[in-house]
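Novice: Below is a structure I'd like to ask you about.
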Amino acid sequence: YINYHKSDALLAVCLDINDFRIFNDLYGFDEGNNLLKLVYKMLGSYILSGIVCRANTDTFYIITDFEGTEEELLTKRDIFTDSFNAMLEKNKKPYHITFTVGFYRIEESTTDNVSLIFEKANHVHNCAKKEGVPGFVYQEKLRQEAIRQKLIENTMHEAFENLEFQMYLQPKYELVTKRLVGSEALVRWESTAKDKKYPDEFIPVFEKTGF
């Protein structure tokens, strides 16, 4: 579809059902399978031009045409969710469904293969999951931030063993008497290459990983 549909308005989408495992626990696997079929059917009817497939479990991938702004794209997502739940209500289903969606706009000049295209859609979908929001549109800075975080995770244990984390004490003085009354402990990551990293770069990663 990508090869034979040269356009700068192609969109790759990664979508999944929130809390699908819990859904199976509550309503059983048969109802879970039925839900997957309903999602696939509505996506197929909602996408006027393109391809819809289920990759695994409750994850769906889509390639479709879309010309519009990011705001319009996110509005489309909301309309789909509302339409799907209206259909469930009409069929007297006892549940309400929400989705998390990642969007990646495929540029006409891209050299990405299909796997890389969906990897980018999946990455931005995972970012939306972590942030607890319904959806994100791919931005290269998100990918670069993920790469930077992974590099920190890959080197932080060795850096700790090599004593690369250095403590600095910033003095605190009483303004009236000019008396030293304490200090604030600060940390810097100084690698052997004399590459100094500041706390705002690595502390959030340490907090997230528990390091």
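The values are calculated or read from the model by the stated rules, or taken from the named source; none is laboratory data. These numbers come from a predicted model, not from an experiment. As a convention, Cβ positions derive from the backbone with ideal geometry for all residues, glycine included, and neighbour counts pool all protein chains shown. Note: accessible area is taken over every heavy atom of the protein model, side chains too, but ligands, DNA and RNA are not part of it. Shrake-Rupley method; radii C 1.70, N 1.55, O 1.52, S 1.80 Å.
Novice: Return the sequence-ordered ³J(HN,Hα) values of region 80-97 in whole Hz as given by the Karplus equation 6.51 cos²θ - 1.76 cosθ + 1.60 applied to θ = phi - 60°, using x for Gly and Pro.
Specialist: Running phi through 6.51 cos²θ - 1.76 cosθ + 1.60 with θ = phi - 60° gives 4, 4, 5, 5, 5, 6, 5, 5, 4, 5, 4, 8, 6, 7, x, 9, 10, 10 Hz.
Novice: Now, a different point. Give the long-range amide H neighbours of VAL187: residues separated by 5 or more places, or on another chain, with amide H under 5 Å away, using H modelled in the peptide plane at 1.01 Å from N.
Specialist: TYR168
Novice: What is the sum of charges around ILE79, taking Lys and Arg as +1, Asp and Glu as -1, for the other residues whose C-beta is under 14 Å from the C-beta of ILE79?
Specialist: -2
Novice: Which order do HIS123, HIS96 take by accessible area at a 1.4 Å probe, largest first?
Specialist: Listed by decreasing accessible area, they come as HIS96, HIS123.
Novice: Using Stokes-Einstein with the Kirkwood hydrodynamic radius over Cα pairs, what translational diffusion coefficient do you get for the chain at 10 °C and a viscosity of 1.306 mPa s, in µm²/s rounded to a whole number?
Specialist: Using the Kirkwood radius from Cα pairs, D works out to 77 µm²/s.
Novice: Sticking with this one: Could you tell me the calculated FRET efficiency between GLU184 and VAL205, based on Cβ-Cβ distance and R0 = 25 angstrom, to the nearest 0.05?
Specialist: Approximately 0.70, to the nearest 0.05.
Novice: Which is farthest toward the positive dipole end of region 159-211 among THR209, VAL176, LEU163, measuring Cα position about the Cα centre, with Cβ charges +1 (Lys, Arg) and -1 (Asp, Glu)?
Specialist: The listed residue farthest towards the positive side: VAL176.
Novice: If you don't mind, another one. Roughly how many nanometres apart are two label points built 7 Å out from the Cα toward the Cβ at LEU175 and ALA86?
Specialist: The answer from the label model is 6.1 nm.
Novice: Taking θ = phi - 60°, what integer Hz values does the Karplus form 6.51 cos²θ - 1.76 cosθ + 1.60 yield along region 25-37, in sequence order, with x for Gly and Pro?
Specialist: My calculation for region 25-37 gives 5, 6, 10, x, 5, 5, 5, x, 5, 5, 4, 4, 5 Hz in order.
Novice: Between TYR95 and LYS130, take the C-beta separation as r, use R0 = 22 Å, and let me know the FRET efficiency to the nearest 0.05.
Specialist: 0.35
Novice: Same structure, new question: Lys and Arg at +1, Asp and Glu at -1: add these up for the other residues within a Cβ distance under 14 Å of VAL205 and post the number.
Specialist: 0
Novice: Just to verify a number: what accessible area does SER115 come out at with the full protein assembly present, 1.4 Å probe, Å² rounded to tens?
Specialist: SER115 exposes around 90 Å² with every protein chain in place.
Novice: I would also like to ask the following. Restricting to DSSP H runs of at least four residues, report the calculated mean residue ellipticity at 222 nm for the chain, -39500 (n - 2.57) per run over all residues, nearest 500 deg cm²/dmol.
Specialist: -15500 deg cm²/dmol
Novice: Give, in nm to one decimal, the length gained when the segment between TYR40 and GLU71 is fully stretched (0.36 nm per residue of separation minus the Cα-Cα distance).
Specialist: 8.7 nm
Novice: Turning to a different aspect of this structure: How far is it, in nm, from the label point at ASP30 to the one at PHE160 when both lie 7 Å from their Cα along the line to the Cβ?
Specialist: Placing both labels 7 Å beyond Cα along the Cβ direction yields 5.1 nm.
Novice: What accessible area, in Å² to the nearest ten, does a 1.4 Å probe give for ARG105?
Specialist: Surface open to solvent at ARG105 totals about 80 Å².
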